[in-house]
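Enquirer: After the structure tokens below, expect a handful of questions from me.
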């Protein structure tokens, strides 16, 4: 994977299905990209299947990308649990 700046600000989008034609999004803005990476992997039960995505600058990362960032040797935070 490319060099990633975990200190850049980031936005996290989590779809919320309400049974309508278009899913609503839950949104969070974070001071550093390391924070939503941690949140998505450790707090969301199925980050890959929920349609979660993160925006950092002009780049967009899907659930698989977020998991890879979390598992990267350059990830700056201590992992709370062993990732799969």
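Enquirer: Can you pull out every residue in region 50-59 that is modelled with pLDDT of 95 or more and either touching a helix residue (DSSP H, G or I) at 6+ places or on another chain (Cβ under 8 Å) or closer than 13 Å to residue 14 by Cα (or both)?
Expert: 54, 55
Enquirer: Within region 16-24, is there a residue that is surrounded by 10 or more Cβ atoms within 10 Å (Cβ to Cβ), modelled with pLDDT of 90 or more and out of contact with any strand residue (DSSP E or B) (no Cβ under 6 Å at 6 or more places or on another chain)?
Expert: no
Enquirer: I'd like the full set of residues that are at pLDDT 80 or above and surrounded by fewer than 16 Cβ atoms within 10 Å (Cβ to Cβ), limited to region 25-44.
Expert: Keep residues of region 25-44 that are at pLDDT 80 or above, which gives 26-44.
Result: 26, 27, 28, 29, 31, 42, 43.
Enquirer: Sticking with this structure for a sec: For the list (1) on the phi < 0 side of the Ramachandran plot; (2) outside any strand (DSSP E or B); (3) at pLDDT 75 or above, I need the number of the one condition that residue 47 fails.
Expert: (3)
Enquirer: I'm told residue 77 meets every condition in (1) at pLDDT 90 or above; (2) in contact with a helix residue (DSSP H, G or I) (Cβ under 8 Å, 6 or more places away or on another chain); (3) surrounded by 13 or more Cβ atoms within 10 Å (Cβ to Cβ) except one. Can you identify the failing condition by its number?
Expert: (1)
The values are calculated or read from the model by the stated rules, or taken from the named source; none is laboratory data. Please read all numbers here as calculations on a predicted model, not as lab measurements. So basically every Cβ, Gly included, is an ideal-geometry build from the backbone, and we count neighbours across all protein chains shown.
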